Amino acid sequence: MTLEERLEATIDIATAAGKMIRDAREGDDLKHHFKEGQELVTDTDVAVDTMITERLESAFPGEDRLSEELAPDKDAVEQDGALWVVDPIDGTVNFAHGLFHVAVSIAYVKDGVTQLGVVHAPFLGETFTAIRDKGAWRNGQSISASQSESLEQSLVGTGFPYRRDSRLPLMRRLGAVLHHCRDVRRNGAAALDLCDVACGRLDAYYETVSPWDFAAGWLIAREAGARTGHLYPCPEGLPEDLYGENLLVSAPAIFDELGELLRQADAGELRDIGIG
Ligand code: IPD
Ligand code: CA
Ligand code: CA
C-alpha cells in the first residue's frame, strides 16, 4: 500500500472518530473518570480509542499500536517496524467542558520515523494531514508555517501537565516568553497547537508531552516548513520523532533565539526581568 493510500484510510478513520466525538457531545453523555488522580478521562475517550483500534487492525492487520487509552506502553516507541500512534481525543478537558479545541490524532511511524500524520478537529471542521517529504495540508489545501523573524512579534503556544506540582518550574519559561514575545496561548490540545504552527496561526509552540499528543502534528508542522526540535538532546536510541520531552517547534528564523530564551529561563538566568 502506498503512503497516499494509507493516508486516505487514516483520514476516513479519523473522520469517523470525529463523528463519534460530536455525537457524544450532542448526546451529552459525558461520564468523567480520573486516571492517576488528577487526569480526566471520559467514556468517549475509551470508546473512540476502541473504534480506532478496531478500524486500524482491520485496515492494517498485525501492525503495532501505541494509543493513549488502550495501549499506552511508551516502550513501543523504541521498536522497529510499523507503529500507529493514536490520541483518540486530544483536548479531553476542552471536550468535557464543552469547548471546541478538540482533535483526533493518528500518526503512522516506520522504524522510528513518522511517515504520515492526520489531525482531525471535529468541532472546527478542520483536517490537517502530512506525508513525509511531500508537504502538509489543511482540508486538502497546502499550508505553510509562519516566516516570523522577530520574537517580539511572535505568538507562542504552550501547555501544562496535569500534575500541578510539575507546573511550577514552567512558570519561569512562561514569564520569559510573556516578557519577550507578543503573547502566549494555552488552547488545550497539543496536536492542534502544532497544526496552528503548521498553518502560521502560531509562530511557535513549546511543551513536554506524550508521543500520542505530538507525533502527527509534529510531522505536519515540519512538512509545512516549521523547524522542529528539542530544547535538550534526545537520549541515544530513542527516535526523535517520538521523544516528547521539551519540544520546540517554530518559524525557522526564531528557533535558536527562542530555544536559548527557554533554556536561560530553565537555568534561572533571567533575573533582570524578575525570573531567577
Ligand atoms: C493534553 C493536551 C494538552 C497538553 C497536555 C496533554 P489530552 O492531552 O494535548 O494541550 O497540554 O499535556 O496531555 O489529555 O487532552 O489528550
Ligand atoms: Ca493528548
Ligand atoms: Ca487524549
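Sorted fewest first by neighbouring Cβ atoms within 10 angstrom, TRP137, TRP84, TRP218 come out as TRP137, TRP84, TRP218.
Mind checking the log10 I(q)/I(0) for the range 124-241 at q = 0.11, 0.12, 0.17 Å⁻¹? Debye, one equal scatterer per Cα, no solvent, two decimals. Evaluating at q = 0.11, 0.12, 0.17 Å⁻¹ gives log10 I(q)/I(0) of -0.37, -0.44, -0.88.
Amide H contacts of ASP64 (H built 1.01 Å from N, in plane; Pro and chain starts excluded): ALA82, TRP84 sit under 5 Å, all sequence-distant by 5 or more or on other chains.
When each of the peptides 57-70, 102-115 is scored by how many other beta carbons lie within 10 Å of its residues on average, the order from highest to lowest is 102-115, 57-70. Amide H contacts of ALA145: GLY225, ALA226, each under 5 Å away and 5 or more positions distant or on a separate chain (H built 1.01 Å from N in the peptide plane; Pro and chain starts excluded). Which one of ARG201, ARG164, ARG173 has the biggest mean-square fluctuation once the chain is modelled by GNM with Cα springs under 10 Å? In the Gaussian network model the winner is ARG164.
Just the number, please: Stokes-Einstein D of the chain in µm²/s, Kirkwood Rh from C-alpha pairs, 4 °C, 1.567 mPa s. For the chosen part, D equals 69 µm²/s.
Close amide H partners of GLU126, meaning residues 5 or more places away or on another chain with modelled amide H under 5 Å apart, are ALA121.
Once the Cα atoms of helix 3-26 and of the chain are each reduced to a long axis, what angle between those two axes, in degrees from 0 to 90 to the nearest 10, is obtained? The two axes meet at around 90 degrees.
Inter-part distance, the range 79-117 to the range 160-176, computed on C-alpha centroids, equals 23 Å. Over the range 24-163, all Cα pairs binned in 10 Å intervals from 0 give whole-percent P(r) values of 10, 34, 36, 18, 2, listed from short to long. To the nearest ten degrees, helix 211-223 and the longest principal axis of the Cα atoms of the chain are 70 degrees apart. Fewest neighbouring Cβ atoms within 10 Å first, the residues ARG25, ARG167 line up as ARG167, ARG25.
Computed from the coordinates by the stated procedures, all read-outs in this text should not be read as laboratory data. Predicted, not measured: the structure shown is a model, and the values here were computed from it. In this analysis, Cβ positions are derived from the backbone assuming ideal geometry, glycine residues included, and neighbour counts consider all displayed protein chains.
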